[in-house]
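Colleague: This structure is in structure tokens; I'll ask about it shortly.
The values are calculated or read from the model by the stated rules, or taken from the named source; none is laboratory data. Keep in mind the model is a prediction, meaning the values are calculated, not measured. Cβ placement follows ideal geometry from the backbone for every residue including glycine, while neighbour counts extend to all protein chains displayed.
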Amino acid sequence: MQILLVEDDERIVHFVKRGLEAESYRVDVARNGNEAIDMAKAICYHLIILDLLLPMKSGVEVCQTLRSEKIQTPILILTAKDTLQEKVEGLNVGADDYLTKPFAFEELVARVKALLRRGEYKEVAEELKIADLTLNRGSHEVRRGSQLIALTAKEFALLECLMSNPNKALSRTTLLEKVWGYHYDTLTNVVDVYIRYLRKKVDEDYSKKLIQTVRDVGYKISG
């Protein structure tokens, strides 16, 4: 199961991420509120662990935004704030549970497991389809119409990320994080390079172009 940890304190990030990965969870990290929203919209996480005191957007704002976008991923608030009013505020904007810092890791794991048991999740579709383009996660095959398209592992992962979010503009930062796992190297042009690779294979020989550039944002795929 995949968890999004939203936390800007590197000590806590290291501690929680390492511990949850030892419990066999996959953990992605967002270090500010805007990044958290982008990642939660791009990927169907099973759980979000959300700090309240974040750069750019607070945890409360993140939670409000996700719920307004109809993202119902369970949210566990992880915070140093321990007054009743602050806890109630977090729950009122859509969080499912809270845990006050400092905390025992065993309690964190117990709450994570309880939230995962409580939630009901949609099965991830094995096949994605945009217009006449199909991507099969099981067979790792991509076709445009009846034509089989050979992709590298990174090209496939990038296309899968785009097709999982049809008509949504995904920033280069989000694509870097999800496909390459980069957190800080925002100056790299690897996303643009691989978008060119994809366009050559997916769009070049077809009149209808599916992969679109969204100016000042990033890319989207649309039928």
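Colleague: Between Leu162, Leu187, which is out of contact with any helix residue (DSSP H, G or I) (no Cβ under 7 Å at 6 or more places or on another chain), under 18 Å from Glu35 (Cα atoms) and either assigned to a helix (DSSP H, G or I) or modelled with pLDDT of 90 or more (or both)?
Modeller: Result: Leu162 is the single residue among Leu162, Leu187 that is out of contact with any helix residue (DSSP H, G or I) (no Cβ under 7 Å at 6 or more places or on another chain), under 18 Å from Glu35 (Cα atoms) and either assigned to a helix (DSSP H, G or I) or modelled with pLDDT of 90 or more (or both).
Colleague: For segment 41-59, how many residues meet the condition of being among the hydrophobic types (A, V, I, L, M, F, W, C) and modelled with pLDDT under 90? Let's see the steps before the verdict.
Modeller: So the first thing to find is which residues in segment 41-59 are among the hydrophobic types (A, V, I, L, M, F, W, C), and the list is 42-44, 47-50, 52-54, 56.
Still in the list and also modelled with pLDDT under 90: 42-44, 52-53.
Residues flagged as among the hydrophobic types (A, V, I, L, M, F, W, C) and modelled with pLDDT under 90 within segment 41-59 amount to 5.
Colleague: Those residues that are in contact with a strand residue (DSSP E or B) (Cβ under 8 Å, 6 or more places away or on another chain), under 16 Å from Gln2 (Cα atoms) and modelled with pLDDT of 85 or more, I need them from segment 97-155; list them, please.
Modeller: Of everything in segment 97-155, those that are in contact with a strand residue (DSSP E or B) (Cβ under 8 Å, 6 or more places away or on another chain), under 16 Å from Gln2 (Cα atoms) and modelled with pLDDT of 85 or more turn out to be Leu108, Arg111, Val112, Ala114, Leu115, Leu116.
Colleague: Can you report the number of residues in segment 1-49 which are without any contact (Cβ under 8 Å) to a residue 40 or more places away in the chain and basic (Lys, Arg)?
Modeller: 4
Colleague: When the residues of segment 165-181 are narrowed to those that are free of Cβ contacts under 8 Å to residues at least 40 places away in the same chain and in a helix (DSSP H, G or I), which ends up surrounded by the most Cβ atoms within 10 Å (Cβ to Cβ)?
Modeller: Ranking the candidates gives Val179 first.
Colleague: For segment 1-112, which fully contained helices (runs of 4 or more DSSP H) count at least 3 residues that are within 17 Å of Thr174 (Cβ to Cβ)?
Modeller: Per the criteria, 33-42, 59-68.
Colleague: Hey, could you check segment 133-161 for residues that are over 15 Å from Val193 (Cα atoms) and of a type in the set (A, V, I, L, M, F, W, C) and say which is nearest to the chain's Cα centre (by Cα)? Spell out the reasoning first.
Modeller: Restricting attention to segment 133-161, the residues satisfying the condition of being over 15 Å from Val193 (Cα atoms) are 133-150, 160-161.
Okay, now just the ones that are also of a type in the set (A, V, I, L, M, F, W, C), so 133, 135, 142, 148-150, 161.
Details: Leu133: 23, Leu135: 19, Val142: 22, Leu148: 28, Ile149: 26, Ala150: 26, Cys161: 9 Å.
Only one residue fits best here, namely Cys161.
Colleague: Could you tell me how many of the residues in segment 138-159 are of a type outside the set (Ser, Thr, Tyr), part of a loop (DSSP other than H, G, I, E, B) and either on the phi > 0 side of the Ramachandran plot or surrounded by fewer than 15 Cβ atoms within 10 Å (Cβ to Cβ) (or both)?
Modeller: 4
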